[in-house]
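The values are calculated or read from the model by the stated rules, or taken from the named source; none is laboratory data. Everything numeric in this text was worked out from a predicted model, so none of it was measured. Please note: Cβ atoms are built from the backbone with ideal geometry, for glycine as well, and neighbour counts cover all protein chains shown.
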Amino acid sequence: MSIRLGDTAPDFTADTTAGPITFHEWKDGAWAVLFSHPADFTPVCTTELGRTAALSGEFAARNAKPIAVSVDSVEDHARWIPDIAEVGGTPVEFPIVGDQDRSVSQAYDMIHPNAGDTSTVRSVFLIDPSNKVRLTITYPKSVGRNFSEILRALDALQATDGAPISTPAEWVPGERVIVAPTVSTEDARERFKNVDEVKPYLRFADAPA
């Protein structure tokens, strides 16, 4: 069964490279970036996990914890980690779930039969501190993920959770935001700085501090 935005992220208990975890307990109070990779000792996955390790400080600054999963064993993950660290130039400190029985992959609908086998595709789930799924992205196996976009989306979710705003196309932190239609222009000018009414339904403002 597919997971929709707003659903509670399935909880699970699994062995990982950081030891056994229960997912909701492990991420307690934090955002989680749960992402699957097709297989260990493969080229694209090595670059992706290396990039994730290199961005550890960026994730921590956003109160977000990355966690990877594939259908390989924890033992295979452990043998692969030195390669990831060597290629990425950073130690791998986030957990990688061993999912040989495919229970996690199936709970998150990470296995797509049309992809040609029973390995996981490149799925990403941003899960908030209340365990709600807030964003999903699925890439084909041949296309490596853009982790800058994952961070950007996380920034946008956190920004829009804190005020009646949304973000325009290609927004990045520091740029102007869109005032929610539920707020009148008059109220917006009291609440936000430098409100510009482009259309009655499109008002830009400086992002809240």
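Quick test for you: out of ASP109, ASP117, pick the one residue that is on the phi > 0 side of the Ramachandran plot, modelled with pLDDT under 95 and in the same structural domain as PRO43 (by TED's automatic domain parsing). Please lay out each step first, then the result.
Details: ASP117 fails: on the phi > 0 side of the Ramachandran plot.
Matching residue, one of ASP109, ASP117: ASP109.
What is the number of the single condition among (1) surrounded by fewer than 16 Cβ atoms within 10 Å (Cβ to Cβ); (2) aliphatic (A, V, I, L, M); (3) in contact (Cβ under 8 Å) with a residue 60 or more places away in the chain that LEU34 does not meet?
(1)
Just the residues that are surrounded by fewer than 16 Cβ atoms within 10 Å (Cβ to Cβ), in a helix (DSSP H, G or I) and of a type outside the set (D, E, K, R), please, taken from the range 79-96.
PRO82, VAL87
Within the range 1-22, restricting attention to residues that are hydrophobic (A, V, I, L, M, F, W, C) and within 15 Å of the chain's Cα centre (by Cα), which residue is surrounded by the most Cβ atoms within 10 Å (Cβ to Cβ)?
In this case the residue turns out to be ALA9.
What single numbered condition from (1) surrounded by 15 or more Cβ atoms within 10 Å (Cβ to Cβ); (2) farther than 30 Å from ALA156 by Cβ fails to hold for PHE125?
For PHE125, the failing item is (2).
Restricting attention to the range 54-77, which residues are closer than 15 Å to VAL97 by Cα and either out of contact with any helix residue (DSSP H, G or I) (no Cβ under 9 Å at 6 or more places or on another chain) or not acidic (Asp, Glu) (or both)?
So the first thing to find is which residues in the range 54-77 are closer than 15 Å to VAL97 by Cα, and the list is 65-77.
Within the range 54-77, LYS65, PRO66, ILE67, ALA68, VAL69, SER70, VAL71, SER73, VAL74, GLU75, ASP76, HIS77 qualify.
Please go through the range 25-38 and give me each residue that is modelled with pLDDT under 95 and over 12 Å from ILE96 (Cβ atoms), ordered by number.
PRO38
State whether one or more residues within the range 49-72 are in the same structural domain as ALA107 (by TED's automatic domain parsing), at pLDDT below 95 and within 16 Å of ALA107 (Cα to Cα).
Yes, the conditions are met somewhere in the range 49-72.
Quick one: how many residues across the range 128-145 are exposed (fewer than 13 other Cβ atoms within 10 Å of the Cβ) and under 18 Å from THR46 (Cα atoms)?
Of all residues in the range 128-145, those exposed (fewer than 13 other Cβ atoms within 10 Å of the Cβ) come to 130, 140, 142-143.
Next, from what is left, pick out any that are under 18 Å from THR46 (Cα atoms): 140, 142-143.
Final tally of qualifying residues: 3.
Is one or more of the residues making up the range 133-152 assigned by TED's automatic domain parsing to the domain that holds LYS65, touching a residue at least 24 places away in the same chain (Cβ under 8 Å) and touching a His at 6+ places or on another chain (Cβ under 6 Å)?
no
Return yes when GLU48 is among the acidic types (Asp, Glu), assigned to a helix (DSSP H, G or I), out of contact with any Phe, Trp or Tyr (no Cβ under 6 Å at 6 or more places or on another chain) and surrounded by 20 or more Cβ atoms within 10 Å (Cβ to Cβ) and no when it is not.
yes
Condition (residue is under 17 Å from SER148 (Cα atoms) and either assigned to a helix (DSSP H, G or I) or touching a Cys at 6+ places or on another chain (Cβ under 7 Å) (or both)) applied to the range 62-76: is it met by at least one residue?
Within the range 62-76, none of the residues are under 17 Å from SER148 (Cα atoms) and either assigned to a helix (DSSP H, G or I) or touching a Cys at 6+ places or on another chain (Cβ under 7 Å) (or both).
Just give me the residues in the range 158-184 being surrounded by 14 or more Cβ atoms within 10 Å (Cβ to Cβ) and either hydroxyl-bearing (Ser, Thr, Tyr) or without any contact (Cβ under 8 Å) to a residue 40 or more places away in the chain (or both), in sequence order.
Residues satisfying the conditions are THR160, PRO164, SER166, THR167, TRP171, ARG176, VAL177, ILE178, VAL179, VAL183.
Among the numbered criteria (1) touching a Pro at 6+ places or on another chain (Cβ under 6 Å); (2) under 22 Å from PRO140 (Cβ atoms), which one does VAL97 miss?
Every condition holds for VAL97 apart from (1).
Quick one: how many residues across the range 138-165 are among the β-branched types (Val, Ile, Thr) and at pLDDT below 95?
2
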